[in-house]
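Note sheet for the following structure.
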Amino acid sequence: MIESMTGFGRCEILEGNRKIAVELKSVNHRYLDMNIKLPKKLNLFEGAIRSLLKEYIQRGKVDVFFTYEDYTENNFTLNYNEAVAAEYLTHLKRMAEQFGLEDDIKTSTLSRYPEVFTLEEQEIDENTVWPLLERAIRGAAVQFVESRKKEGEHLKKDLLEKLDVMLSYVDFIEERSPEIMRDYREKLEAKVTELLGDTSMDEARIATEVTIFSDKICVDEETVRLRSHINNMEEELKKGGCIGRKLDFIAQEMNREANTILSKANDLAISDTGINLKTDIEKVREQIQNIE
């Protein structure tokens, strides 16, 4: 199967007093670019998270969001900063003496001053949290990969249909090319007859002119290579895997052959078909950009 680079996955784990949620979102990107947004207390796991996600993702710009809630009773410690409280008290008393104010300082008032009391979050237990975190990551990653595969199958179906249409264009160009030669020869002979009247024509000269014209507009090599590229792309799509970069290279080669065909075209029907061919190749290239 092939995978799109657009995907989404989410998993939430609730166990005991802890809840962890992981969410993955991605869009297309030339390489793998992971943007991991972690709560501060989980930062120590970032390296392990990246390594784990690489088991599931090879390409794409991936945003990873985490939420972590811990309802453990002793999750926070209340600290009393005696030195800070003493500093406040010293300055308050000095103010009262300096300005002749009533010294009405109460404990409840002093306790509300900044940094007198602080809540300190306890360090997490890595051995307890990581197994939960890993389960959540893998759960989200599995869902994420499934969404990519589903979208990838839609892309594959649409691309194969476009490639079939492109093959029909190549068929038309190959069938039309000999007709152009015949038409050119007939016009050339008619023109010579018109100019020379009943004088017999030099068949060798006519054949030479037709051959020169044929060399200028012949696209046999281009259509053979183009057909080969189209068939190669079909095979890669059916084979599946991480083929985005390879398909992009094949599409570039297809575009090169289509440009050459257009540059040699000396026939309105072939020109129109060549334009349709290039248009479909561009559509294919756009869709390929979203394949992993």
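The values are calculated or read from the model by the stated rules, or taken from the named source; none is laboratory data. Computed from a predicted structure; not experimentally measured. Glycine also receives a Cβ, built like all others from the backbone with ideal geometry; neighbour counts cover every protein chain displayed.
May I ask you to verify whether R30 is part of a loop (DSSP other than H, G, I, E, B) and charged (D, E, K, R)? Yes. Residue-level check: of (1) assigned by TED's automatic domain parsing to the domain that holds E87; (2) on the phi < 0 side of the Ramachandran plot, A140 misses just (1).
Can F117 be described as among the aromatic types (F, W, Y) and either modelled with pLDDT of 95 or more or in the same structural domain as E55 (by TED's automatic domain parsing) (or both)?
On the way: among the aromatic types (F, W, Y): yes; either modelled with pLDDT of 95 or more or in the same structural domain as E55 (by TED's automatic domain parsing) (or both): no.
Considered against the rule, which asks whether it is among the aromatic types (F, W, Y) and either modelled with pLDDT of 95 or more or in the same structural domain as E55 (by TED's automatic domain parsing) (or both), F117 comes out as no.
No other residue among D215, D198 is among the charged types (D, E, K, R), in a loop (DSSP other than H, G, I, E, B) and modelled with pLDDT under 90 apart from D198.
Quick check on region 100-108. Is at least one of its residues within 30 Å of N290 (Cα to Cα), loosely packed, with under 11 Cβ neighbours inside 10 Å and not β-branched (V, I, T)? Taking every residue of region 100-108 in turn, none turns out to be within 30 Å of N290 (Cα to Cα), loosely packed, with under 11 Cβ neighbours inside 10 Å and not β-branched (V, I, T).
Among the residues of region 95-127, those that are farther than 30 Å from L42 by Cα, free of Cβ contacts under 8 Å to residues at least 24 places away in the same chain and assigned to a helix (DSSP H, G or I) comprise M95, A96, E97, Q98, F99, T107, S108, T109. Restricting region 228-244 to residues that are surrounded by 15 or more Cβ atoms within 10 Å (Cβ to Cβ) and out of contact with any Leu (no Cβ under 8 Å at 6 or more places or on another chain), the residue that is modelled with the lowest pLDDT is G244.
Each row is one residue, and each column tells you yes or no for (1) acidic (D, E); (2) modelled with pLDDT of 90 or more; (3) at positive phi.
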| position | (1), (2), (3) |
| --- | --- |
| A21 | no, yes, no |
| E46 | yes, yes, no |
| Y71 | no, no, no |
| N75 | no, no, no |
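Restricting region 232-259 to residues that are in a helix (DSSP H, G or I) and aliphatic (A, V, I, L, M) leaves a set whose member that is farthest from the chain's Cα centre (by Cα) is A258.
Please determine whether any residue of region 129-141 is over 16 Å from N17 (Cα atoms), among the charged types (D, E, K, R) and assigned to a loop (DSSP other than H, G, I, E, B). No: region 129-141 contains no residue that is over 16 Å from N17 (Cα atoms), among the charged types (D, E, K, R) and assigned to a loop (DSSP other than H, G, I, E, B).
Rundown of residues vs (1) farther than 30 Å from C242 by Cα; (2) in a helix (DSSP H, G or I), yes/no style:
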{"residue": "I2", "(1), (2)": "no, no"}
{"residue": "F8", "(1), (2)": "no, no"}
{"residue": "C11", "(1), (2)": "no, no"}
{"residue": "E23", "(1), (2)": "no, no"}
{"residue": "L44", "(1), (2)": "yes, yes"}
{"residue": "A48", "(1), (2)": "no, yes"}
{"residue": "N79", "(1), (2)": "yes, no"}
{"residue": "E87", "(1), (2)": "yes, yes"}
{"residue": "K93", "(1), (2)": "yes, yes"}
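Taking the listed residues E134, E115, the one that is farther than 30 Å from H91 by Cβ and of a type in the set (D, E) is E134, with no other qualifying. If you go through region 126-140 and keep only what is surrounded by 10 or more Cβ atoms within 10 Å (Cβ to Cβ) and either out of contact with any Cys (no Cβ under 7 Å at 6 or more places or on another chain) or β-branched (V, I, T) (or both), you end up with E126, T128, V129, W130, P131, L132, L133, E134, R135, I137, R138.
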